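Visitor: Dropping a structure here in structure tokens format, bear with me for questions.
The values are calculated or read from the model by the stated rules, or taken from the named source; none is laboratory data. Predicted model, so just to flag it, every value in this text is computed and none were measured. Here the Cβ is made from the backbone with ideal geometry for all residues, glycine too, and neighbour counts use every protein chain on show. Side chains included, ligands, DNA and RNA excluded: accessible areas come from the protein's heavy atoms. Shrake-Rupley method; radii C 1.70, N 1.55, O 1.52, S 1.80 Å.
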Amino acid sequence: MKKFFKQLRDALQQLIYKVINPLVYGMIKIGITPNVVTTIGFLGNVLAAALMVYASTQETVTEQFYWVAWSGATIIIFSLFDMLDGQVARLGGMISTFGAMYDSVLDRYCELFTLGGITYYLMETGYETGAIITFLALIGSIMVSYVRARAEGLDIECKIGFMQRPERVVVTSVAALACGIYGANAVAPVFDPMLILIVAMGIIAVFANLTAFARIMHCRKQLMKK
């Protein structure tokens, strides 16, 4: 099953690269650097968080969900820059150690802002339990990356686990978009639209933390062999 998901993920990645490569070559031609692309992606995710916070200030539920949908769409659009910067670096011959570090650091900031924005929105709209679940998702997301970074510092390759950054971004953005669209347009919703967002955060909370602990155990086994 793990092999199947990996193959599916790699196939989707290659398909996306084929779609975005013309844009990548255009960016390289006009002199846009990978670090600029990374920065734009980061600012877009900050905007998505701001839209989520803004949603909590709206007077009507319909208006709230309208901005939640826009936040989800913004995450989707600007998360593509996470793939663009790597391609610009590779195809433009601009790969650098600092660029790799800068990209990783801003990826963490992106998740802190987006999940932080969702946590704030849920708190302000009376979904305290959902906010706690999102906070746990944020902890798991950061720890998945931290364990990998710490392992690589010990010369251990540690890329195992299901809920890595691409999966987390997809779950977060699609859930926010679906929650917003359903909530803004459903005249008589069958269920609370917020459940879409909260359940998605629960999925990340569970699987991200499981991934972090799986990586810890993987490192333990590798270190015991040395």
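Visitor: To the nearest 20 Debye, how big is the dipole of the chain about its Cα centre, given +1 on the beta carbon of each Lys and Arg and -1 on that of each Asp and Glu?
Guide: That gives a dipole near 1280 debye.
Visitor: With every protein chain left in place and a probe of 1.4 Å, what is the accessible surface of Lys159, to the nearest 10 Å²?
Guide: 110 Å²
Visitor: Mind checking the alpha-carbon convex hull of the range 86-205 and giving the volume per residue in Å³?
Guide: Once divided by residue count, the hull of the range 86-205 is 120 Å³.
Visitor: For the range 98-226, with only Lys/Arg (+1) and Asp/Glu (-1) charged at the beta-carbon, what is the dipole magnitude about the Cα centre, in debye rounded to 20?
Guide: 720 debye
Visitor: May I pose another question? Against the longest principal axis of the chain, how steep is helix 128-153, in degrees 0 to 90 to the nearest 10, with axes from Cα atoms?
Guide: 0 degrees
Visitor: Further question: So what is the 222 nm mean residue ellipticity for the chain from helices alone, if each DSSP H run of at least 4 adds -39500 (n - 2.57) and you divide by all residues, rounding to the nearest 500 deg cm²/dmol?
Guide: Per the formula, -29000 deg cm²/dmol.
Visitor: Let me ask you something else. Given a Förster distance of 41 angstrom, what is the FRET efficiency for Lys225 paired with Ile40, based on the Cβ-Cβ distance and rounded to 0.05?
Guide: In this case the efficiency is close to 0.45.
Visitor: For the chain, what is the Kirkwood hydrodynamic radius in Å, using each pair of distinct C-alpha atoms?
Guide: In the chain this quantity evaluates to 18.6 Å.
Visitor: If you count only protein heavy atoms and use a 1.4 Å probe, how large is the accessible surface of Ser96, to the nearest 10 Å²?
Guide: That residue has around 50 Å² of solvent-accessible surface.
Visitor: Right, another one. With Rg and the Kirkwood Rh both taken from Cα atoms, where does Rg over Rh land for the range 139-226?
Guide: Rounded to two decimals, Rg over Rh is 1.19.
Visitor: Same structure, new question: What is the helix-to-structure angle for 97-124, meaning the angle in degrees between its Cα long axis and the longest Cα principal axis of the chain, kept from 0 to 90 and rounded to the nearest 10?
Guide: Here the helix axis deviates by roughly 20 degrees.
Visitor: Shifting gears a bit: Return the equivalent ellipsoid semi-axes of the range 20-140 as a descending list in whole Å, where each equals the square root of 5 times an eigenvalue of the C-alpha gyration tensor.
Guide: 32, 16, 9
Visitor: Right, another one. Quick check for you: with a 1.4 Å probe and neighbouring chains kept, what is the accessible area per residue of the chain, in Å²?
Guide: 56 Å²
Visitor: Let me spell out the model: positive unit charges on the Cβ of Lys and Arg, negative unit charges on the Cβ of Asp and Glu, origin at the Cα centre of the range 1-116. What dipole size does that give, in debye rounded to 20?
Guide: 620 debye
Visitor: Given the peptides 31-44, 170-183, arrange them by the average over their residues of other C-beta atoms within 10 Å, most packed first.
Guide: 170-183, 31-44
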